[in-house]
Amino acid sequence: MATATLTNAAVKMRPMSASTGMEILDVDLREPLSDAAYREIRLALNETGVIFFRNQKIGPEHQLAFARRFGTVQPVEFLETVSGFPEVGIIRKDPEQTRNVGGQWHSDHSFDPVPPLGSVLYAHELPEKGGDTMFANMAAVYDQLSDGLKKTVEGLRVVHSKKNAAYSDKRAERQADAELMKRFNELAHREHSHPMVAHHPDTGRKVLFINANYTARIDGWSEEESRPLLDYLFRLAYRPENTCRFRWEPGALAMWDNRTANHYALNDYHGARRLMHRCMVLGSPWK
Ligand code: SIN
């Protein structure tokens, strides 16, 4: 992708950084996306891992309609949901809370047998300062490995586990009904092994499918053996050069590809409220 504002037949775009993220300009998500606009937006998502829209005035129905352009929206598993919209989860941190959702580098539900295609997050209420989200493009990170390291990691599998990653929305826990808590407890024990170098299901591009929060170990290796290689890869992946940082404002929407991007919700706004709505699109098995 080029570095200047891109203008083409259907949409205007502006890269967020050298490798990660594309801002989509002048699109009103209350209107259905034309096929041409969708194709260009999809290409930008595939290429940069995450796309951003600002100044939207949408409800959950528009958020769902947008997500459905990319595939089937999957059920919300462990968040409270928006009244009347069971496929839209609420991500919220209240002033008295100290922990947030997603406050470590991760990829949503990477411990599922088939990781979600993507997540669509819409901002409702934000702190005056703080609460940004960072993204890293793990396909670009793979490209940076030496030929020798590429060969070493090529055949490896990694175990992704929810177990060690504390679910941190205490408010949801307090208010959870029995069914929600049952689902949460099931989720807490879910783990799955994925190729470390995965072929993206839509593009075939190689991505380093690991993330600091859910990747527990290399399959068949002990945790102690796994740590040095994983830590090296995380250090490389999360270098500022491989990331972009999104400053939210009410009405902003991001969609990231969970196979390509890792993300990190900064938790630097204690005492303030942040309220977001998220839905997720079902993925397909690795190629
Ligand atoms: C998430 O991890 O899905 C939430 C990200 C955010 O709230 O910025």
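Worth pointing out:
- Of all the numbered requirements in (1) touching a strand residue (DSSP E or B) at 6+ places or on another chain (Cβ under 7 Å); (2) part of a loop (DSSP other than H, G, I, E, B); (3) surrounded by 19 or more Cβ atoms within 10 Å (Cβ to Cβ), residue 66 misses one, and that requirement is (2).
- Taking region 76-153 as the region of interest, the strands (runs of 3 or more DSSP E) fully inside it that hold 2 or more residues being more than 14 Å from the ligand (Cβ to nearest atom) and more than 30 Å from residue 236 (Cβ to Cβ) are 85-93.
- Residues (under 24 Å from residue 143 (Cβ atoms) and of a type in the set (Asp, Glu)) located in region 24-75: 40, 47
- Annotation note: Cβ proximity below 7 Å between a residue of region 133-162 that is open to solvent by 40 Å² or more (accessible area, probe 1.4 Å) and a residue that is small (Gly, Ala, Ser) and more than 16 Å from the ligand (Cβ to nearest atom) (sequence gap 6+ or interchain) occurs for 157/193.
- Single residue of 128, 179, 186 found to be at pLDDT below 95, closer than 30 Å to residue 62 by Cβ and loosely packed, with under 15 Cβ neighbours inside 10 Å: 179
The values are calculated or read from the model by the stated rules, or taken from the named source; none is laboratory data. For clarity, every value in this text was computed on a predicted model and none was experimentally measured. Note that each Cβ is placed from the backbone with ideal geometry, even for glycine, and that neighbours are counted across all protein chains shown. Areas reflect the complete protein model, heavy atoms only, side chains present, ligands, DNA and RNA absent. Shrake-Rupley method; radii C 1.70, N 1.55, O 1.52, S 1.80 Å.
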